[in-house]
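Q: Just dropping this structure here.
The values are calculated or read from the model by the stated rules, or taken from the named source; none is laboratory data. Computed from a prediction, not measured in an experiment: that's the story for all the values here. Here the Cβ positions follow ideal geometry from the backbone for every residue, glycine too, while neighbour counts run over all protein chains shown.
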Amino acid sequence: MAECGVCFRHCTIREGSLGFCGARTAKDGRVEPYNYGRITSLALDPIEKKPLARFFPGSMILSVGSFGCNLRCPFCQNYGISWSDEAKRQAETAETVSPRELAELAERTRFRGNIGIAFTYNEPLVGYEFVRDTAALAKERGLKTVLVTNGTADQTVLEELGPLIDAMNIDLKGFTDRYYKDVLGGDRTQVMRFIETAAEYAHIELTTLIVPGENDSEEEMRELSRWVAALRNPDGESVPLHISRFFPRFRMTDRGATPVRTVYRLAEVARENLAYVYTGNC
Ligand code: SF4
């Protein structure tokens, strides 16, 4: 048995079995990343797709994902690699890539406009050691490093990775404890702390997916954007917020897509407090 301290769940993992995220195991009484270097997705994406709107706009970034996630969002768009039965199958067939191979690949794709490596698709921090080792090599080569995360890792993980990461998109999925706890299986206060610390290390942008009947009120957006307005990126600029539209997916098919007018209206509300607000999936 070993206790994992990577995220707020603090799983106790039995020898040879997996933690809640499906990405970490216990061996000889120690927790190890079971998904280290095991890649399920690799693509050269426009950086705006991460989404990052104010970090090297117009560039491309080599985006890599593994498997496993520590939240249980019922509308997950990447359930095939995060926490479904399909994700378990993917875990068994994932290809292994070393940090050096990935850094070299990123370097070789510079000619296609690539500026670095983005750790994304599944929750990258449940396998933070691979992020750390790869990001260190990428930085040696003058490449940029990007993390797309749900912001639920422990502060110690963030402090270890922070100096190696140039930009992050972090989910701030809503602004009520109820939604984080009952619908997503997370802890809002912990995510807010993560965001505050992340802004000390890297350029950050935040993403809120608007789900009808859950987090789509003007009051909630007003409160959320007021809190974001108090944050600053390392360059002193205000933190951008991406407000995106929900589509029925995976285990949340009991409601329709978010009306486009709701997304636009909530973006207007956020602009009462924020300089940079973007809408997505509209
Ligand atoms: S990272 Fe995974 S194994 Fe570790 S505490 Fe979180 S859910 Fe559990």
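Q: Which residue is modelled with the lowest pLDDT, if the candidates are limited to region 1-16 and must be assigned to a loop (DSSP other than H, G, I, E, B) and more than 9 Å from the ligand (Cβ to nearest atom)? If you could, list the steps in order and put the result at the bottom.
A: Of region 1-16, the ones assigned to a loop (DSSP other than H, G, I, E, B) are 1, 4-6, 8-11, 14, 16.
Restricting the remaining residues to those that are more than 9 Å from the ligand (Cβ to nearest atom) gives 1, 14, 16.
Working: MET1: 90, ARG14: 97, GLY16: 96.
Here the answer is MET1.
Q: Output yes when any residue across region 254-265 is surrounded by 19 or more Cβ atoms within 10 Å (Cβ to Cβ), of a type in the set (S, T, N, Q) and in contact with a helix residue (DSSP H, G or I) (Cβ under 6 Å, 6 or more places away or on another chain), and no when none is.
A: The answer is no, given that none of the residues of region 254-265 is surrounded by 19 or more Cβ atoms within 10 Å (Cβ to Cβ), of a type in the set (S, T, N, Q) and in contact with a helix residue (DSSP H, G or I) (Cβ under 6 Å, 6 or more places away or on another chain).
Q: Whether any residue in region 17-37 is surrounded by fewer than 18 Cβ atoms within 10 Å (Cβ to Cβ), in a strand (DSSP E or B), within 16 Å of the ligand (Cβ to nearest atom) and hydroxyl-bearing (Ser, Thr, Tyr) is what I want to check.
A: Checking region 17-37: not a single residue is surrounded by fewer than 18 Cβ atoms within 10 Å (Cβ to Cβ), in a strand (DSSP E or B), within 16 Å of the ligand (Cβ to nearest atom) and hydroxyl-bearing (Ser, Thr, Tyr).
Q: Would you call ILE115 among the β-branched types (Val, Ile, Thr) and within 22 Å of HIS242 (Cβ to Cβ)? Outline the logic, then answer.
A: Working: among the β-branched types (Val, Ile, Thr): yes; within 22 Å of HIS242 (Cβ to Cβ): yes.
For ILE115, the condition - among the β-branched types (Val, Ile, Thr) and within 22 Å of HIS242 (Cβ to Cβ) - is met.
Q: Considering only residues that are under 20 Å from LYS144 (Cβ atoms) and in a helix (DSSP H, G or I), which ones fall in region 198-239?
A: ALA198, ALA199, GLU200, TYR201
Q: Since SER238 meets every condition but one in (1) more than 18 Å from the chain's Cα centre (by Cα); (2) touching a residue at least 40 places away in the same chain (Cβ under 8 Å), which condition does it not meet?
A: Of everything listed in (1) more than 18 Å from the chain's Cα centre (by Cα); (2) touching a residue at least 40 places away in the same chain (Cβ under 8 Å), SER238 misses just condition (2).
Q: Consider ALA91 carefully, then state whether it is more than 17 Å from VAL148 (Cβ to Cβ), away from the ligand (no atom under 12 Å from the Cβ) and among the hydrophobic types (A, V, I, L, M, F, W, C).
A: Values: more than 17 Å from VAL148 (Cβ to Cβ): yes; away from the ligand (no atom under 12 Å from the Cβ): yes; among the hydrophobic types (A, V, I, L, M, F, W, C): yes.
Spelling it out, ALA91 is indeed more than 17 Å from VAL148 (Cβ to Cβ), away from the ligand (no atom under 12 Å from the Cβ) and among the hydrophobic types (A, V, I, L, M, F, W, C).
Q: A further question follows. Among the candidates LEU52, LEU62, LEU42, which residue alone is more than 16 Å from the ligand (Cβ to nearest atom), within 27 Å of PRO240 (Cβ to Cβ) and part of a loop (DSSP other than H, G, I, E, B)?
A: Details: LEU62 fails: part of a loop (DSSP other than H, G, I, E, B); LEU42 fails: part of a loop (DSSP other than H, G, I, E, B).
Going through LEU52, LEU62, LEU42 in turn, the sole match is LEU52.
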